[in-house]
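Colleague: This is the structure, below, for whatever I ask next.
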Amino acid sequence: MKQIQLSCPNEFSPLKEVILCEPTYMKIQDIINETQRRYHKENIDVDRAVEQHNKFHEILRENNITTHLLSPKNTFPEQVFTRDIGFTVGRTLFISDMKMPVRQGEEIELRNWLSARGMSYIDLVEDETEGGDVLVHGNTVYIGLSDRTTFEAVERIQSYLPDYNVIPLPIHEDILHLDCIFNIISDNEALIYREGLRGDDITRLSSQFDLIDVCREEQFTMGVNVLSIGNKKVISLPINKGVNKELRDRGFEVIEVEFDEIIKSGGSFRCCTLPLLRG
């Protein structure tokens, strides 16, 4: 079996290898975020979710991205969101410690997949954390302090990354993850939903990035949670017309993919990918 390289220096350089999981058993089982609260009665059309995920998967392959698939298990209704169960910082892959009971055990599937390929990782079993709260920008790592990621987890991650500057960003209590309100899309540009962050942190981020504002409606439809695949290409939902126009006006190629069934559970393209290699 070919050894898989690990290297993720940022959120936007060309994506080479990524882990996905088909939404075969996707459903809103326990309401664990505000988006699910809106959609739990109608729940998930699994056939449509699988169809949309397959199209997304096809787009990745068309862009020469190697995709690895975890085996979906019927005990994990949110396994499609592979970003949360692990994250790669530079050449180090971390496995998250999932807080929510409905998601606990997904880590085991990732651990087994990595171990079968002889890949090393750091298992964050001590403190609650999820990869949706982690964004990498060179030697800086931004980590959202959310209901799912604790300050103790931030401190532990910093201890494993002595050459990095790990910056905690407290997020509003009704926001699921940092990548729902802040997403770095180039070396000097980032999408932001300002109401989800503190004023002093917005000031800090504005000194580092040209911040592109996302309105409340498009934040709810996961407008911030685009996936950058390199060379100023991003994958985005067609419903988020304001975000897509702004990105195109800035010279980005926006690949629109229907994902409205999957976002009912509170995650979009970034949430559904665990990058292993960028470069």
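The values are calculated or read from the model by the stated rules, or taken from the named source; none is laboratory data. Keep in mind it's a predicted model, so treat the numbers as computed, not measured. Glycine gets a Cβ as well: all are built from the backbone with ideal geometry, and neighbour counts include every protein chain shown. Each accessible area value is taken on the protein alone, full model and side chains, heavy atoms only, with ligands, DNA and RNA left out. Shrake-Rupley method; radii C 1.70, N 1.55, O 1.52, S 1.80 Å.
Colleague: Give the number of residues within the range 163-179 that are open to solvent by less than 20 Å² (accessible area, probe 1.4 Å) and touching a residue at least 60 places away in the same chain (Cβ under 8 Å).
Modeller: The number of residues fulfilling the criteria is 2.
Colleague: Which of the residues belonging to the range 231-279 are at pLDDT 95 or above, closer than 16 Å to residue 13 by Cβ and surrounded by fewer than 15 Cβ atoms within 10 Å (Cβ to Cβ)?
Modeller: 231, 253
Colleague: Just checking, how many residues over the range 215-230 are open to solvent by less than 10 Å² (accessible area, probe 1.4 Å) and more than 13 Å from residue 269 (Cα to Cα)?
Modeller: The number of residues fulfilling the criteria is 1.
Colleague: Among the residues of the range 152-177 satisfying the criterion of being under 19 Å from the mean Cα position of the chain (by Cα) and of a type outside the set (A, V, I, L, M), which is nearest to residue 126 (Cα to Cα)?
Modeller: 168
Colleague: State whether the residues of the range 209-232 include one that is more than 24 Å from residue 171 (Cα to Cα) and of a type in the set (D, E, K, R). Let's see the steps before the verdict.
Modeller: First, pick out the residues of the range 209-232 that are more than 24 Å from residue 171 (Cα to Cα): 229-232.
Going one step further and asking which of them are of a type in the set (D, E, K, R), we end up with 232.
Yes, the range 209-232 has at least one match.
Colleague: Select from the range 57-84 the residues that are acidic (Asp, Glu) and under 17 Å from the mean Cα position of the chain (by Cα) and write down the one among them that is modelled with the lowest pLDDT.
Modeller: Across the range 57-84, the extreme among qualifying residues is 78.
Colleague: Let me ask something additional. Of the conditions (1) farther than 24 Å from residue 233 by Cβ; (2) open to solvent by less than 10 Å² (accessible area, probe 1.4 Å), residue 89 fails just one. Which one is it?
Modeller: Answer for residue 89: the failing condition is (1).
Colleague: Also: Out of curiosity, is residue 207 open to solvent by 60 Å² or more (accessible area, probe 1.4 Å) and among the small types (Gly, Ala, Ser)?
Modeller: The answer is yes for residue 207.
Colleague: Could I ask something else about it? State whether the residues of the range 114-126 include one that is free of Cβ contacts under 8 Å to residues at least 60 places away in the same chain, within 18 Å of residue 180 (Cβ to Cβ) and either outside any loop (DSSP other than H, G, I, E, B) or over 14 Å from the mean Cα position of the chain (by Cα) (or both).
Modeller: No; the residues of the range 114-126 include none that is free of Cβ contacts under 8 Å to residues at least 60 places away in the same chain, within 18 Å of residue 180 (Cβ to Cβ) and either outside any loop (DSSP other than H, G, I, E, B) or over 14 Å from the mean Cα position of the chain (by Cα) (or both).
Colleague: Mind counting the residues in the range 123-162 that are open to solvent by 10 Å² or more (accessible area, probe 1.4 Å) and among the small types (Gly, Ala, Ser)?
Modeller: Here the count works out to 3.
Colleague: Kindly evaluate residue 38 against the criterion of being at pLDDT below 90, in a helix (DSSP H, G or I) and not hydroxyl-bearing (Ser, Thr, Tyr). Spell out the reasoning first.
Modeller: On the way: at pLDDT below 90: yes; in a helix (DSSP H, G or I): yes; not hydroxyl-bearing (Ser, Thr, Tyr): yes.
Taking the combined requirement at face value, the residue satisfies it.
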